[in-house]
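The values are calculated or read from the model by the stated rules, or taken from the named source; none is laboratory data. Please read these numbers as outputs of a predicted model, since none were measured by experiment. Every residue, glycine as well, gets a Cβ built from its backbone with ideal geometry; the counts of neighbours run over all protein chains shown. When the accessible area is computed, the model is the full protein with side chains, heavy atoms only, and any ligands, DNA or RNA have been set aside. Shrake-Rupley method; radii C 1.70, N 1.55, O 1.52, S 1.80 Å.
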Amino acid sequence: MIIMKIINIVLCALMFLFICVQYNDPDGLVWALIYSVAGSWAGVAGIRPEKVINRIAIILLNICIFIGVLLMFYFWPDTPQFWKKDVWWVTETAREGMGIMVANIVLLSASITVWRTRSKMSKS
């Protein structure tokens with residue numbers, strides 16, 4: 001469990017670093033919001049996962065995951081080989097698509113931690 005907490009804290013820090021590089025992006029506030037939601041869930045899952053095992057928090061987390069998946073389909077890059085550095089370095093849509101993928105991975109990590117914490121606490 002300690003490993004998942006560390007992973008979530010690192011992912012939280014990563015999301016907030018992503019926010020810092022949005023300063024010159026025309027739609028940077030949108031991306032800052034997306035990254036802050038994912039980073040906040042990871043931060044709570046890393047520091048106090050027992051705070052998010054109640055019904056309302058689980059519903060909110062699931063809503064965030066659902067919206068994240070929808071956004072991933074919306075922002076999915078249509079650029080061929082978008083994962084290659086020479087493509088995403090110059091193509092905004094490839095960077096945005098990859099950014100939402102990373103945010104979804106962060107949400108998934110937080111949800112796994114919350115699920116494990118909930119499972120562990122229900123056994124005791």
Taking region 71-98 only, how many residues are assigned to a helix (DSSP H, G or I), open to solvent by 30 Å² or more (accessible area, probe 1.4 Å) and aliphatic (A, V, I, L, M)? 3
For region 27-36, which residues satisfy the criterion of being surrounded by 18 or more Cβ atoms within 10 Å (Cβ to Cβ) and either at positive phi or aliphatic (A, V, I, L, M) (or both)? ALA32, ILE34
Condition check for ASN24: open to solvent by 80 Å² or more (accessible area, probe 1.4 Å) and part of a helix (DSSP H, G or I): no
Of TRP31, TRP41, which residue is closer than 11 Å to ALA110 by Cβ, among the aromatic types (Phe, Trp, Tyr), part of a helix (DSSP H, G or I) and in contact (Cβ under 8 Å) with a residue 24 or more places away in the chain? TRP41
Residues of region 51-70 being open to solvent by 50 Å² or more (accessible area, probe 1.4 Å) and within 15 Å of VAL102 (Cβ to Cβ), in sequence order, are VAL69
Determine which single condition MET101 fails, assuming it passes every other condition in (1) within 17 Å of ALA13 (Cα to Cα); (2) open to solvent by 40 Å² or more (accessible area, probe 1.4 Å). (2)
